[in-house]
1. Checking GLY177 against (1) more than 30 Å from LEU276 (Cβ to Cβ); (2) touching a residue at least 40 places away in the same chain (Cβ under 8 Å); (3) crowded, with 19+ Cβ neighbours inside 10 Å, which test does it fail?
2. So which residues in the range 381-390 are touching a residue at least 12 places away in the same chain (Cβ under 8 Å) and part of a helix (DSSP H, G or I)?
3. Can you name every residue in the range 336-380 that is outside any helix (DSSP H, G or I) and within 17 Å of the chain's Cα centre (by Cα)?
4. In the set LEU5, LEU119, which member is of a type outside the set (Phe, Trp, Tyr) and surrounded by fewer than 18 Cβ atoms within 10 Å (Cβ to Cβ)?
5. From the list LYS249, LYS273, which one is surrounded by fewer than 17 Cβ atoms within 10 Å (Cβ to Cβ), at pLDDT 95 or above, in a helix (DSSP H, G or I) and not β-branched (Val, Ile, Thr)?
6. I need the full set of residues from the range 182-230 which are in contact with a helix residue (DSSP H, G or I) (Cβ under 7 Å, 6 or more places away or on another chain), part of a helix (DSSP H, G or I) and of a type in the set (Asp, Glu), in order please.
7. Within the range 278-302, how many residues are part of a helix (DSSP H, G or I), within 24 Å of ALA233 (Cβ to Cβ) and among the hydrophobic types (A, V, I, L, M, F, W, C)?
8. Determine if the range 188-200 includes at least one residue that is surrounded by fewer than 18 Cβ atoms within 10 Å (Cβ to Cβ) and either at pLDDT below 95 or in contact with a strand residue (DSSP E or B) (Cβ under 6 Å, 6 or more places away or on another chain) (or both).
Amino acid sequence: MAQILSIGELIHSYRRNSGMTLAQLSETSGVHKGTISKIENEDVKRPEYTTLRPLVEALRIPLDTVVELYISVDKRAEMRLHILQDVIQHSGSAELAQKVGAKFLESPSDDSHSLVERLYSFTASVERKDIRLALYQLIVDYSRDHGIMPFLAKGLLQVYLIERDDFTRMRAVYESGNHIVMYAHFLSLEDRIMFYYKLGIHAYNLFLYPESIDLALHVVQEAEPDNEYYVHALGILRGSYYQIGDYDKSEYYTHLYSQYDGPYINENTKMIKAQLLAKRGNTDLAIAQFTSLLDTDDQHAALPALNQLMNIYLEKHRLSEAEKVLAYPIDPVQINDNNPNMISQLAEYYYHRAKYFIAVGEFERGVIESLEGAFHFSRVDDVRQEKQCIHLIMQSHLTMEITMTISTIKKLTEYYQQTDWEGLR
């Protein structure tokens, strides 16, 4: 089809190609025949969008074709926003929505700040994540080009909050989120506190403990003690200080954290206290505390405790006790897929199972468990631990001087193919 230069030409071309008369199109669309004739003859240069829509549907004109043409003709901000809503309601692409959004920001009737503010408010109500992301990215680019710093910061934050849900890109998204720190002072206090917490727990889940401490301290300094993010920041601090070996500060923040009521605060407090006992040589008391956390129907509380017990038993080669712990019924289906830390705990659980089965000579079972652990580590972008699971398989065969079976080689090959493993690139 030759290039279409006007709306009238578009309607006329599709009507002619479909073999419909004006009367037939009028009957099918519900639009008066005279109105259609005026549109085709361009007596009406800018027909109302609401008039065009039934014609577009009757003629089966692709939505992007009519929208891209119309937004270049009708420059009213209100109409372009209406068209954007129509694109979303009729399952238009994120690319098309972004084009309409860009045209909206070019509307001559309002100033740049008002336009980007309206688009930002509109985008918050969009349910489709791909379109919401595309519009926020547009807001970021537009705000950067026009020096509208508050909406640059707010747009970057919203892009980060959407992208951080993709756990397979945790490291790359963290780097993007870290870039927002330089714009944090343009955010409202409420958004800034939320951002510091979100990035702080993100750093924690990537084992970037000094960074998570710095971000959590920002929350503690800026938030009121009754703010939920203040409490969560205390949780980050107790865990991060433990991980870097500053047990006194871990104990201090554990005490502050334990003063609050909330989901898992009691269980998390018991967990860190047991870990501190183990680090200070009180292994038997630590084991008793970890074991007490298994006496619950909540697998999110039990799984980290089980991993700590397996760490102790496998390190000391207490295999009979490790076997009893592994009898605890962990159901992967019950583990929260929206929590990267719990996915990591699940991966670690399979890694421990692999080490146990290899230690007792069940190599084929160890291979299965190790690959399951590798898969779950890959879900949270933990390439180092994923490779450690693969290394466990290789190293165990080399150490024991065992020939790798065809079955094991097949399992490894299948894993590489399914995960597009970095090690093969």
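1. (2)
2. Start the filter on the range 381-390 by keeping residues that are touching a residue at least 12 places away in the same chain (Cβ under 8 Å), which leaves 381-383, 385-390.
Within the range 381-390, VAL383, GLN385, GLU386, LYS387, GLN388, CYS389, ILE390 qualify.
3. At the first step, the residues of the range 336-380 found to be outside any helix (DSSP H, G or I) are 336-339, 360-362, 380.
Residues satisfying the conditions are ASN336, ASP337, ASN338, ASN339, VAL380.
4. LEU5
5. Working: LYS273 fails: surrounded by fewer than 17 Cβ atoms within 10 Å (Cβ to Cβ).
None of the others qualify; the one that does is LYS249.
6. Passing the criteria: ASP191, GLU211, GLU222.
7. The qualifying residues number 1.
8. no
The values are calculated or read from the model by the stated rules, or taken from the named source; none is laboratory data. As the structure is a prediction and not an experimental result, all values here were calculated from the model. A quick note on method: Cβ atoms are made from the backbone with ideal geometry, for glycine too, and the neighbour counts reach across all protein chains shown.
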